[in-house]
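This report refers to the structure that appears directly beneath it.
The numbers here are math on the coordinates, done by the rules we state, and not lab data. Please read these numbers as outputs of a predicted model, since none were measured by experiment. Positions of Cβ are backbone-derived with ideal geometry, glycine not excepted, and every protein chain shown enters the neighbour counts.
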Amino acid sequence: MYPISLLHHLDLTTLKLLLSISEEGNLTRGARRESIAISAASKRLLGLEQAIGLPLFIRESKGMTLTAAGETLLDHARQMLQGAQRIHAQLLEHARQAQDCVRVTANPSSVAQFVPDDVSQFLKTHKKICVDLTEESSLNVLQAVENGSADIGVFADTGASHGLYSEPYRQDRLVMVVHRKHPLAERGRICFAESLDNHHIGLHGNDWISNHTQQASLEAGKPLNIQTQVPSFEVLCRMVQAGLGVGLIPYQVFTSLGPPKNLVSLDLCEPWATRNLMVVIRHPRHLSPAASKLFKHLTQANKNRADALWITHASGRQPDNHFSHLRVS
């Protein structure tokens with residue numbers, strides 16, 4: 001009876017919920033992260049605990065922390081979720097044999113700002129090609145292209161491309177985001193060191209931003225106080241809105257997320273705040289015809305966008321914002 005009851009509750013949705021609650025330290029935030037109603041999330045967690053016969057979390061007013069049983073289950077949950085991802089990758093490979101499918105891995109900044117629009121435009125004229133898009137840190141993007149698990153990557157240029165073939169894609173500008181009532185809000189432009197007296201909101205797995213902010217804090221002789229780490233730019237803005245600190249996000253992301261939340265952006269004086277995004281492949285001769293077409297499209301995207309903006313400005317027309325379908329995993 002015990003194993004059957006437990007297996008009934010070990011579905012992927014519940015395992016992902018368990019992982020999110022443990023990382024967020026809160027049922028409400030964990031449920032929102034997985035787009036599950038709070039009542040449904042609570043029911044799933046309670047059912048899992050009842051099937052095991054042990055509590056998985058210590059519930060306190062300040063948040064939720066895993067019990068020993070919870071830690072054990074979380075380790076297995078991670079392995080099961082990784083197994084599911086491997087199944088997905090292997091089945092996707094079978095699907096690619098029946099359809100021209102290009103695997104693209106891109107860093108969070110490019111996914112939040114540029115890649116979906118550019119891929120959408122590509123798919124309008126290449127309807128028989130599918131694109132499987134995943135989001136990873138820039139370092140993981142390079143590793144994915146290097147080991148062949150991605151056909152095309154988009155990453156923030158650091159000068160180290162692992163011997164791969166890369167071409168310019170877009171330019172990305174990071175800004176400091178603060179609440180409109182924050183003491184720094186009227187500054188307009190600051191150096192990163194001037195923000196170190198504040199709590200900072202960090203991003204999970206963003207090695208590029210983390211490395212530069214850590215180095216800047218060392219040069220300033222002040223500690224970088226990362227009070228909270230979050231999974232996305234949108235959640236970062238919500239945390240800043242709640243008064244929990246300040247954070248760094250790309251300017252184009254700020255233009256859509258910041259103003260509705262009463263946030264303002266501050267330019268940074270550091271040169272590293274402006275970075276080049278690159279499109280990377282192993283080598284042009286290793287690309288399938290479909291991947292080769294998409295690679296060419298992405299490397300031309302910045303030039304095409306600049307030309308379109310010039311034409312739009314001259315004619316007074318608003319730019320087209322139509323989206324085609326895109327498979328995201």
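For the stretch 184-218, the residues whose amide N sits under 18 Å from a probe point set 7 Å from the Cα of N26 along the beta carbon direction are 199-204. A run of the chain free of exposed loop cleavage sites, with trypsin sites (Lys or Arg not before Pro) counted only in DSSP states other than H, G, I, E and B and at most 13 other beta carbons within 10 Å, reaches its longest extent at 182-316. Expressed as a fraction of 2.2 N^0.38 Å, the C-alpha radius of gyration for the stretch 91-176 is 1.14. Taking the DSSP beta bridges with both ends in the stretch 172-274, the antiparallel portion is around 60 percent. Residue-normalised convex hull volume from the C-alpha trace of the stretch 172-274: 84 Å³ per residue. Residues whose amide H falls under 5 Å from that of F57, counting only those 5 or more places apart or on a different chain, are T67, with hydrogens built in the peptide plane. Kirkwood analysis of the Cα pair distances in the stretch 108-154 returns a hydrodynamic radius of 11.5 Å.
Of all beta bridges that DSSP places with both ends in the stretch 1-152, some 35 percent have antiparallel geometry.
Extension gain for Y165 to R78 (0.36 nm times residue separation, less C-alpha to C-alpha distance): 28.0 nm.
Counted over the chain, the DSSP beta bridges are approximately 55% antiparallel. Calculated on the Cα set of the stretch 2-96, radius of gyration then Dmax: 14.2, 49 Å. Along the axis of the charge dipole computed for the chain (Cβ charges of +1 for Lys and Arg, -1 for Asp and Glu, origin at the Cα centre), the listed residues A40, S232, V154 are led at the positive end by A40. Springs join every pair of Cα atoms under 10 Å in this Gaussian network model of the chain, and among S39, S292, S217 the largest mean-square fluctuation is at S39.
Applying a 4.7 Å Cβ-Cβ cutoff to the chain, the cysteines left without a disulfide-compatible partner are C237.
May I ask for log10 I(q)/I(0) of the chain at q = 0.11 Å⁻¹, from a Debye sum over the Cα atoms as equal point scatterers with solvent left out? At q = 0.11 Å⁻¹ the computed log10 ratios are -0.86.
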